[in-house]
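So the structure is just underneath, and the comments pick up after that.
Derivation of every value follows stated rules applied to the coordinates shown; laboratory data play no part. Please read all numbers here as calculations on a predicted model, not as lab measurements. No Cβ is skipped: glycine too gets one built from the backbone with ideal geometry, and neighbour counts run over all protein chains shown.
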Amino acid sequence: MKNGKVTNVMFAGIGGQGIIRASDMLTEAAFRMGCDVKKSELHGMSQRGGSVSSDVRFGEKVASPMIPAGEADYMIAVSADQIEVCAAFLNENTVIIRDEDIPEEYRASRMMNIAMLGVLNRYLAFPEGLWIDLIRENFSGTVAEENITAFRRAFEAK
Amino acid sequence: MAENKLILSGDEAVAHAAFDCAVRTGVGYPGTPSTEILETLSAIGGNAEWAPNEKVALEVGAGTALAGARSIVTMKHVGVNVAADPLFTLTYTGVTGGMILVSADDPGMASSQNEQDNRNYAKFAQMPMLEPSDSQEAYDFTIRAYEISEKFHQPVLLRMTTRVCHSRGIVNRWKAAEQPAVPAFTPNVKERVMVPANAKPAHVRLVQKMNDLAVWNDGSEGLNRIGGAAEAELGIITSGVAYYHSLEAAPEAKVLKLGMTWPLPAKLIKDFAATVKKVVVVEEGTRFLEENIRLLGVDVMPKAEIFEFGELSVSRVKKLLANDSEPEAAAAPGRPPALCPGCPHRKTFELLRDLNCIVAGDIGCYTLGVLPPFNAMHYSLCMGASIGMALGMRRAFDEETSRRVVSVIGDSTFMHSGITGIVEMVYNRPATGHLVFILDNSTTAMTGFQEHAATGRNMKLEDAPRIVLEDLCKSLGVDNVDVIDPVTENEKYAELVKTRLASNDVSVIIVRRPCILEMKKLAKKGGAK
């Protein structure tokens, strides 16, 4: 991702699904990989169960914090009904990560967001240790360990 | 200074800069997308507090700056309307210590009742304005704003938008934290007491300062810059996040990015325009730059009307530059927000729906009472308006209809601007009386659970003096003040409402049950009681 091309990852779901947390973690991961990174999100009323989306863009140099129409490289669809809402940002090559891409035990669980980051990392190939550090910084105790397991299982699932 | 890189939102970046500038007073009222500035300032050890409303916040911030120390006052765009009265004369008096007013605008109305463009306040109130375009500039410009404020003794408007406030990016925190200055009292009545004899020369001084600022802006370093292509036919003049959209939308264009957008740097703009064949202004909202640049005698292509609405994006900037005024496809509707399952407000809206009430509502989570399955809100305007509006309706409708009119306001909104509505209700009581519901969930829930003067906690969740809503209403002379739990006393609640609506009394029912999410927050932070 240091060849000038910006990588665009869109997260979509509804309030309470950990969209903001997961996109913050990806932002931090890209930063620690030495990339320029920008993240944009809309929240506010979303706290009340409304749609939440977050754009993470990283590469050598990022300008706009918002993914331009049709330029999402990846979409993390934590809530499948949000794919249609975000359709304008997708193209025929966009990799859409859905609940069927993660191990069954994590579907509809509170760890869905982290499991989906595990799937995303099959493509990004950031070092596993970086993610484990980030999970431990974001969660504590057994919750952190459970999320690390979720991340690893989802990463290795295919 | 050691390099210190962080990932920060625009709001967090402003807070870090305010901390590094040793701000004595951080004060504001919560409002998306401004809220995180003071929350962050408090969390990193700075001085921050929530005021009951934006007018009081601005007055407190002004006081600190008049006394000679630094202040930052934060609010969302509509909050500046509330604070406008002191603001418009504070620009006459000027300040001694540096003062920043942050206006967080919401083009596109992600969570607001209008999309007013507060850049117009800079011109109207006559104050310098800086517009950061990302988190690094949010940090840098906050520091620059104090420098300008103290050089010209004027409050500075730091105008942000949702996409700058809530976007995250890399920030180099370069400034070593300062020690706060301790001011001594120096009377200066001619410049500080705005009676007409003093205000007339103050107005003249203000205009002179703005003239000086315009000249200074022309020679300022690090605020305005020219980017994009070195040579081009198309010249774009822009500010804020629209700058980054422009760079992506038109890599072939030469771009003048303005960081200080009032007063404008006239020479810089004219010189830039002379190097290109066509000048287009790329801006969200009103034609603030377009019109004021045209007044400088520069020929600017007018943007199509559709770009006065909503946010810009890379795609929309391409369309704007192509002078394409064709209507745009409506964005796919997302899932709308709703009152949480288990929200105590639900009981009130079920009741108001079943009793066929005419509901003047207010600003907060409970505005969602307008949505199905309740459909129990008929009017909503601005903070505190539920009471005054309803009183006016009871003067207009016939008696039977008037008896159905109620006001619904939350606890934080009541503290913000509901109290004077109760004064009006008691002083100018309608013939049919009136009924006000204060939905007291003990937090400012919609903006993310901020404390206020009636919760008994301060921003750091420490115990604080608590304004008791029922005592306050009783002291104002309200005929009946009842406190009820809408869940455990639901049957009694319905009977009480029917009795109050049938009478000619002026009544307040305080519907008290804590927000379920606030309880979780307090439990997490170990502050639950």
More than 26 Å apart - percent of Cα-Cα pairs taken over the stretch A:7-156: 17 percent
Nitroxide proxy distance, nm - points 7 Å out along Cα→Cβ at A:Met33 and B:Phe88: 5.3 nm
Under the Karplus curve 6.51 cos²θ - 1.76 cosθ + 1.60, θ = phi - 60°, whole-Hz ³J(HN,Hα) for the stretch B:243-252, x wherever Gly or Pro sits: 4, 5, 4, 5, 4, 7, 6, 9, x, 7
Net charge, B:Ala332 excluded, C-beta distance under 14 Å - Lys, Arg +1, Asp, Glu -1: -2
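I need the peptides B:47-54, B:297-304 ranked by packing, meaning the mean over residues of other C-beta atoms within 10 angstrom, with the highest value on top.
On the way: B:47-54: 22.9, B:297-304: 14.9.
Sorting B:47-54, B:297-304 by mean packing, highest first, produces B:47-54, B:297-304.
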5 angstrom amide H check on B:Ala304, placed H, neighbours 5+ away: none
Partnerless Cys - chain B, beta-carbon criterion under 4.7 Å: B:Cys21, B:Cys165, B:Cys357, B:Cys365, B:Cys382, B:Cys473, B:Cys515
For the stretch B:114-131, 3J(HN,Hα) per residue [Karplus equation, 6.51 cos²θ - 1.76 cosθ + 1.60, θ = phi - 60°, Hz, x = Gly/Pro]: 8, 10, 4, 9, 7, 4, 5, 5, 4, 6, 5, 8, 6, 9, x, 10, 10, 10
C-alpha long axis of helix B:54-67 to longest principal axis of chain B, angle in °: 50 degrees
Nonlocal amide H pairs with A:Ile96, under 5 Å, H built at 1.01 Å: A:Met75
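What is the calculated FRET efficiency for B:Ala229 to B:Ala184, with r their C-beta to C-beta distance and R₀ = 56 Å, to the nearest 0.05? Don't skip to the end; give the middle numbers.
Numbers: r = 53 Å, r/R0 = 0.95.
It comes to 0.55.
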Between helix B:196-219 and chain B: long-axis angle, C-alpha atoms, 0 to 90°, nearest 10: 50 degrees
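Relative to the compact-globule scaling 2.2 N^0.38 Å, provide the ratio for the alpha-carbon radius of gyration of chain B. Intermediate results must be reported in sequence, preceding the final value.
Values: Rg = 24.9 Å, N = 529, 2.2 N^0.38 = 23.8 Å.
Normalised Rg, Cα atoms only: 1.04.
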Distance from the stretch B:222-258 to the stretch A:8-28 (C-alpha centre basis), Å: 30 Å
Over 29 Å between alpha carbons, listed pairs B:Lys257/B:Lys277; A:Lys38/B:Lys277; A:Lys5/B:Lys257; A:Lys5/B:Lys254: A:Lys38/B:Lys277
Shape metrics for the stretch B:225-321, restricted to C-alpha atoms - Rg then Dmax, Å: 11.9, 31
³J(HN,Hα), Karplus 6.51/-1.76/1.60, whole Hz, each residue of the stretch B:405-415, x for Gly, Pro: 7, 9, 10, 10, 9, x, 5, 5, 5, 4, 5
Residues B:Lys319, A:Lys5, B:Lys521 arranged by fewest to most Cβ contacts within 10 Å: A:Lys5, B:Lys521, B:Lys319
Exposure proxy ranking, count of Cβ atoms within 10 Å, fewest first, for B:His345, B:His378, B:His434: B:His378, B:His345, B:His434
Net charge of neighbours whose Cβ lies under 15 Å from the Cβ of B:Ala177, counting Lys and Arg as +1 and Asp and Glu as -1: +2
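Could you give the length gained by full extension between B:Leu6 and B:Asp398, i.e. 0.36 nm per residue of separation minus their alpha carbon distance, to one decimal place? Could you put the intermediate results ahead of the total?
Numbers: separation 392, 0.36 × 392 = 141.12 nm, distance 6.16 nm.
Separation in residues times 0.36 nm, less the Cα-Cα distance, equals 135.0 nm.
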Sum of side-chain charges, B:Lys76 neighbourhood, beta-carbon under 9 Å (Lys, Arg +1; Asp, Glu -1): -3
Per-residue mean of C-beta atoms belonging to partner chains within 10 Å, peptide B:26-32: 1
Listed pairs B:Lys123/B:Lys175; A:Lys39/A:Lys61; A:Lys61/B:Lys303; A:Lys39/B:Lys303; B:Lys347/B:Lys524 exceeding 20 Å between Cα atoms: B:Lys123/B:Lys175; A:Lys61/B:Lys303; A:Lys39/B:Lys303; B:Lys347/B:Lys524
Cα convex hull of the protein assembly as shown, projected area averaged across orientations, nm²: 32.4 nm²
For B:Met75, residues with placed amide H under 5 Å, excluding near neighbours: B:Val102, B:Ala104
Nearest-ten-degree value, helix B:345-354 long axis tilted from longest Cα axis of chain B: 60 degrees
Approximate spin-label separation B:His378-A:Lys61, in nm, with each point projected 7 Å along Cα-to-Cβ: 5.9 nm
Which of B:Glu495, A:Glu41 has the fewest Cβ neighbours within 10 Å, and the rest in rising order: B:Glu495, A:Glu41
Aspartates and glutamates with Cα under 18 Å of B:Lys318, excluding same-chain neighbours fewer than 8 positions away: A:Glu71, B:Glu233, B:Glu248, B:Glu252, B:Glu283, B:Glu284, B:Glu290, B:Glu305, B:Glu308, B:Glu326, B:Glu328
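Mind checking the mean number of beta-carbon atoms from other chains within 10 Å of the Cβ atoms in B:239-247? Show your work: numbers first, answer last.
Working: counts 0, 0, 5, 1, 2, 6, 5, 2, 3.
Mean partner shielding for this stretch: 3.
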MRE, 222 nm, helices only [DSSP H, n ≥ 4, -39500 (n - 2.57), over the protein assembly as shown, to nearest 500]: -11500 deg cm²/dmol
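Expected output is a single nm value to one decimal: the length gained when fully extending between B:Glu252 and B:Gln113, i.e. 0.36 nm times separation in residues minus the C-alpha distance. What is it? Display every interim value, and only then the final one.
Values: separation 139, 0.36 × 139 = 50.04 nm, distance 3.74 nm.
Residue separation times 0.36 nm, minus the Cα-Cα distance, leaves 46.3 nm.
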Efficiency of FRET from Cβ geometry, B:Asp505 and B:Ile44, R₀ 56 Å, rounded to 0.05: 0.65
Scaled radius of gyration (Cα, divided by 2.2 N^0.38 Å) that the stretch B:5-219 gives: 0.95
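Residue by residue through A:9-21, how many Cβ atoms from other chains fall within 10 Å of the Cβ on average? Intermediate results must be reported in sequence, preceding the final value.
Values: counts 0, 0, 0, 1, 1, 3, 4, 2, 0, 0, 0, 1, 0.
For this peptide, the per-residue mean of nearby foreign Cβ atoms is 1.
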